[in-house]
């Protein structure tokens, strides 16, 4: 009987060994797939956790308490960065007796300068009859009629005469309804004109 059990064990071991050899590729493939799936799952959990951490940090940094920055802190930061970065000229406006001189800042073109000149003019000579569509027409008129030729770069100054601005306002006021409707699609793109 003992011999029978030993023979049965040997047969079982030989069968298991044969099955393992026959299916080794399948078993290794399954183990590789499980390892890859585990890695992906682990990575996605880590990414979710890091995203939650970042969102929490953003929420905390944008809370009203953290956004309170004093003028002194801004000045200190600006002073510290002056040595690091070349300072770019700021956009400025100057009024003379007969004109507004607008100096371009970063990203400004003739249209933006014309818009600022018109805003400065209207600040001193208010006209409630001008709609956003009128203002779009005026800034485009000023852009085209200004004596400055060439492109506008940071620090470029463009002079808009008060007479030219008055002329543009007069022309804008005689636009018909169809022309104003056509200008509406451009006016909605510039909410500051309203």
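Between 47, 93, 29, the distinction of being modelled with pLDDT of 75 or more and in a helix (DSSP H, G or I) belongs to 29 only.
Kindly evaluate residue 173 against the criterion of being surrounded by fewer than 14 Cβ atoms within 10 Å (Cβ to Cβ), in contact with a helix residue (DSSP H, G or I) (Cβ under 8 Å, 6 or more places away or on another chain) and assigned by TED's automatic domain parsing to the domain that holds residue 110.
Yes, satisfied.
Contact annotation: residue pairs with Cβ atoms under 9 Å, 6 or more positions apart or on different chains, pairing a residue in the stretch 21-42 that is without any contact (Cβ under 8 Å) to a residue 40 or more places away in the chain with a partner that is in a helix (DSSP H, G or I), are 27/20.
Residue selection: residue 180 satisfies the criterion of being over 22 Å from residue 109 (Cα atoms) and surrounded by 17 or more Cβ atoms within 10 Å (Cβ to Cβ).
Among the residues of this structure, residue 132 does not count as one that is touching a strand residue (DSSP E or B) at 6+ places or on another chain (Cβ under 7 Å) and in contact (Cβ under 8 Å) with a residue 40 or more places away in the chain. Hey, does the stretch 66-74 have a residue that's part of a helix (DSSP H, G or I) and either at pLDDT 60 or above or closer than 30 Å to residue 159 by Cβ (or both)? Among the residues of the stretch 66-74, not one is part of a helix (DSSP H, G or I) and either at pLDDT 60 or above or closer than 30 Å to residue 159 by Cβ (or both), which makes the answer no.
May I ask you to verify whether residue 192 is under 29 Å from the mean Cα position of the chain (by Cα) and under 18 Å from residue 117 (Cβ atoms)? Yes: the conditions hold for residue 192. Which one is surrounded by the fewest Cβ atoms within 10 Å (Cβ to Cβ) among residues in the stretch 147-170 that are under 22 Å from residue 190 (Cβ atoms) and in contact with a strand residue (DSSP E or B) (Cβ under 6 Å, 6 or more places away or on another chain)? Checked the stretch 147-170; the qualifying residue surrounded by the fewest Cβ atoms within 10 Å (Cβ to Cβ) is 148.
The values are calculated or read from the model by the stated rules, or taken from the named source; none is laboratory data. Note that the coordinates shown come from a computational prediction; the quantities given were computed from them, not determined experimentally. Using ideal geometry, Cβ is built from the backbone for each residue, glycine included, and neighbour counts are taken over all protein chains shown.
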